[in-house]
Structure formats: structure tokens, C-alpha cells
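One structure below.
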Amino acid sequence: MSTKTKTEVFIAGGGVAGLTLALKLAKHQIDVTVVEKQQGMGNVYKGELLQPKTLSIFEELEISTQINKEINPLQKIVTKEVDEKNRQLLEVVMDYSRLPIENNTAAMIPHNTLKEILLNEANRYPHFHLLQPAAFLRKEGTNEVVIKREGLESVIEANIIIGAEGRGSKVRKSVDIPLKQSTYTHQFLTVTFPSPPSLVDGEMIGNHERFLGLFPLPGGEVRSVLLIRGDEYKQMKKQGLEAFYEAYIQLKPELEGYVNQIKSWKDIQLMVPIRHTVTHYTEGNVVIIGDAAHSVHPMAGEGMNLAIQDAYVLGDLISWMYEVRRPSDYELLKWFEDVRGERVEYLSWLSHQSALIYNLRGHIPQKLRVLAIKRLALNKRLHDKQMMNIAGIGLWKFGLTDGLSAFGFGKRELSEKVLNKHMFNKKDDFPWRYKKKR
Ligand SMILES: Cc1cc2nc3c(=O)[nH]c(=O)nc-3n(C[C@H](O)[C@H](O)[C@H](O)COP(=O)(O)OP(=O)(O)OC[C@H]3O[C@@H](n4cnc5c(N)ncnc54)[C@H](O)[C@@H]3O)c2cc1C
């Protein structure tokens, strides 16, 4: 064991969650140390869809100018269902512009570009320190962590310890927070390739066997996800890339000549969806955020957004604890769980539901899916609620009244006043700044 250093907040993991939290704290002049085990930015595909709430967080972090140069705004996501001969059975549009907020759009950004922006901005602040490559190994006592860097172990003393190292979080394991995990019978293949110019909106295309999601990135590229059966990957690889191209072109013929520009299986990433939840996010002076605390099915494009939103809320809470000179009153950290727990759980459940409706294959499941999507998208009340929830700007759970509304009973519309009532305001996001007690 060699040196021992000190910091106020120690963060294991320099992904979007860790970097957003570090930036927020460094801006508040709180000494923060991030350890990231990978050299560079990494080259696996990760989340790239930014929901409106996340974009508003970037505004508050004063990085919108940099972000806006690198995004492709996404106003609409078109959901289609087609038969074997590619005849259209359904086309509905999930439209962000109906949200009663100023910046009513989502956006696509390459994951590493986002991390670079967060890192460059954090580097401007003297209270930000990054150790990379360096790995969190274990926690010792209440305030010490052991890290490994260049083959040597060293100790960092910290007031608050954050686990932001993704699904396999060692910080979470060090405080024995148990994990509940569920798996799916399907998998995804994901890859980015040049986009046909006709592709402007996000598209989700299903038939009785498969699902293809297409999300246009800046720079004339498109990020794609193809749903396959659990046993299909090996089979497809054996058949060769032609089988992969064919699956895409069958669902979207305009991709001919574009998807074929992928020349190696090495460029195509297999993504095995897993959903996990935990019983709690805080234990004494330890807090887990992002994928360390919850991984959600990727269908609804929420994982990265939940991670950034966690970081932003926790960043404000810790800043406030320092402002009111109670930085070691660790009971206050539970406030983070109060704010984020229910929101995350509901979005995880919604993502899970979206996954289930594509999980079953065959013509009858497809017919039921067409019916369900139609009921949701063509009923203004349900559509507005769904958009508000996935955009991250409010929480309004579906209930019995919505079930009745789906079948034409009761109110089919929500007034703007009612919608506003369910939107998050500063008091919802940062209750510690308004209430005396939890
Ligand atoms: C293929 C794919 C597609 C996805 N698509 C979407 C999408 O469209 N939209 C969306 O919102 N989400 C999506 N997600 C999910 C999203 O990428 C994650 O939810 C998000 O990256 C979580 O951020 P994080 O910072 O919590 O964790 P991560 O991004 O996993 O970052 C954790 C970091 O911690 C580091 N680390 C791990 N262990 C240690 C250690 N012991 N010491 C130090 N560092 C460590 C890792 O190297 C990593 O850099 C997708 C995920 C995948 C894999």
C-alpha cells in the first residue's frame, strides 16, 4: 500500500452518471475525485437518446451550447407494424412537440461525445480530479476506499462514497445492497451505419417475428437495434452477414445499400437485456446511482437518462448538505432515495412493459400489440401521459380511469392545467431546499 489522499466526495466510475455528478459538485466547489478503470472512452455502444428532462439538466449545468452542436434533435418517434410482405398494419406517431414545455424535443448524441463534453467541462474546475485508469477495489471502515492504479494500491479518504460503476458495482457489493434481477428471452443486435437521407424521425418497426429500432444520429448516421430470439445470434453468424442485412431490409427496404456497409460481425454488438432493481440506494455515507442502482430494459431508451437525472438530483442534495454545514449528516442522503426511488421504479416498469409487448412472436401476439399501441397512441389522454412519463418531466401513473378511457369511457383528454399539476417542479426535484425535515 502506498499513498493516502483525501477528498470530500469519492466517485467510482466515470460514466455519464459519475461525470454528471462530479461536474455538478465541482461547480459548487466541493472537492470530488472520480476513478475510472478504462483507458480512454471505451468503444461499446451505450445510450444515445436524450429525453427532454435530461436536456433541461444540461441547460442548468450550462453545457447546452456544447451539447447542441453535437445532437440531432428528434421530434417524433414513428411506430409501425408490417406484415410478412411489408404491407403496413399500423403507423402511429409519438410526438414530443405535444409536451407543454419550452424545449419539447428529444435528441440523439453519440455516447462518447456526451462523456467528452461532461469531462471537458468538469476539467475546468480545480475541485475536480480524475484518476484514469484506476479501479475502485474495496471500502475500508466508513471513510476509506482502496483503489488500484498502475499496479499499486492506495487509499483515498472521503466524506461521501458514490458507486457509479454500472451494473457490476463493487461499491454496491461492499455495502451488501441486494439485487433483484430479471432476464428476457430475446436479445438485441446493435450497430451504427450511414443513414438513408429519407430517415428523419425515430422509427420502431415490428412484424410478427422481429423488431427494428432506427434512431438518426448527427453526421448522417443511424443507430439501430434489432430484436432477435435468444438462440438466433449464433445461427445468424453461421449464415453470414447476408442474413443480418436481410433482417433489416425486410423491415425497412430503404436500408438496402446502407446496412450493407457494415463489413464485419466485429462492428455489431450483442446486447443482452437485463432489468435489475435494488431495495435501497443509500447505506450510511454510501450512495449508488445510475446502472449501479438500476438497469432498465433498453426498449424505452431510459437507462442513460435515469443515470444523468440521478446524478443531478444527488449533486444538488450533496451541495445543499455542504451549504447548510451538515456534510456528514448521512441520514440526509436518504432524501435522494425519496426523490428518485419512485420515478426510477415506474420508468423501469414502463420499459419492462414495452419489452413484453415485443417479447412474444407470432401473428396473434402481433395483432394484440397493434391493438395496444393503437389504444395508447390514438387516445390523447394516454398518449399525453406516456409522453410526460418517458420525457422524465413528470410522473403520472396509469390507473383504472385510463383503462376505461382506452375503451372509450370517461374523459379522453387531459387539460394543460391537469398535466401541469403532474409535472415536476423545483420543490419535487430538490425538497431539501423547501422543507425543514424529511
Ligand atoms: C448497448 C446499449 C444500448 C443502450 N441504449 C440506451 C439508450 O438508447 N438510451 C438510454 O437512455 N440508455 C441506453 N443504454 C443504457 C445506458 O447506456 C446506461 O444506462 C448508462 O450508460 C448508465 O450510465 P452509468 O454511468 O450509470 O454506467 P456506465 O455507463 O456503465 O458507466 C460506468 C463506468 O464505471 C466504470 N467502472 C466499472 N467498474 C469500475 C471500478 N471498479 N472502478 C472504476 N471504474 C469502474 C466503467 O468502466 C464505466 O466507464 C444502453 C446500454 C447499452 C449497453
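The values are calculated or read from the model by the stated rules, or taken from the named source; none is laboratory data. What you are looking at is a predicted structure, and each value in this text was computed from that prediction instead of being measured. Note: ideal-geometry Cβ built from the backbone for every residue, glycine included; neighbour counts use all protein chains shown. Just so you know, the surface numbers come from the protein's heavy atoms only, side chains and all, with ligands and any DNA or RNA stripped out. Shrake-Rupley method; radii C 1.70, N 1.55, O 1.52, S 1.80 Å.
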Check: Residues in segment 42-69 near a label at Leu395, defined as backbone nitrogen under 17 Å from the 7 Å Cα→Cβ point?
Finding: 53-54
Next item on the list: Taking the chain as the reference, fit the longest principal axis to its C-alpha atoms, fit the long axis of helix 111-122 to the helix C-alpha atoms, and give the angle between the two in degrees, 0 to 90, nearest 10.
Entry: 30 degrees
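Given R₀ = 51 Å, FRET efficiency for Arg433-Lys148 by Cβ-Cβ distance, to 0.05?
Numbers: r = 38 Å, r/R0 = 0.75.
Calculated value: 0.85.
Tell me the carbon and sulfur percent of the accessible area for segment 139-220, rounded to whole percent, probe radius 1.4 Å. Could you put the intermediate results ahead of the total?
On the way: 1590 of 3320 Å².
Ligands and nucleic acids excluded, carbon and sulfur reach 48 percent.
So for segment 280-438, averaging the separation of alpha carbon pairs under 8 Å that are six or more residues apart and normalising by length, what relative contact order in percent results? Before the final figure, lay out each step's value.
Values: 137 pairs, mean separation 36.0, N = 159.
That works out to 23 percent.
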Item checked: Protection proxy ranking, peptides 291-300, 200-209, average beta carbon neighbours within 10 Å, highest first -> 291-300, 200-209
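Mind ordering 426-436, 4-14 by average Cβ neighbours within 10 Å, highest first? Kindly include the intermediate steps, with their values, before the conclusion.
Values: 426-436: 13.0, 4-14: 22.6.
In descending order of packing, they fall as 4-14, 426-436.
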Notebook entry, point to check: At q = 0.06, 0.13 Å⁻¹, what is the log10 ratio I(q)/I(0) for the chain, with the Debye formula run over Cα points and no solvent?
Noted result: -0.26, -1.20
Check: If you add up the charges near Glu153, with Lys and Arg at +1 and Asp and Glu at -1, over every other residue whose beta carbon is less than 15 angstrom from its beta carbon, what do you get?
Finding: +3
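Counting heavy atoms of the protein chains only and a 1.4 Å probe, report the per residue accessible area for segment 1-94 as a whole number of Å². Provide the component values of the computation, followed by the final result.
Details: 4270 Å² over 94 residues.
Solvent-accessible surface per residue comes out at 45 Å².
Count the lysine pairs in segment 164-314 whose Cα atoms sit under 17 Å apart, keeping only pairs 8 or more residues apart in sequence or on different chains. Intermediate values should be presented prior to the final figure.
Details: Lys170/Lys180; Lys234/Lys266; Lys237/Lys263; Lys237/Lys266; Lys238/Lys263; Lys238/Lys266.
Lysine pair count for segment 164-314: 6.
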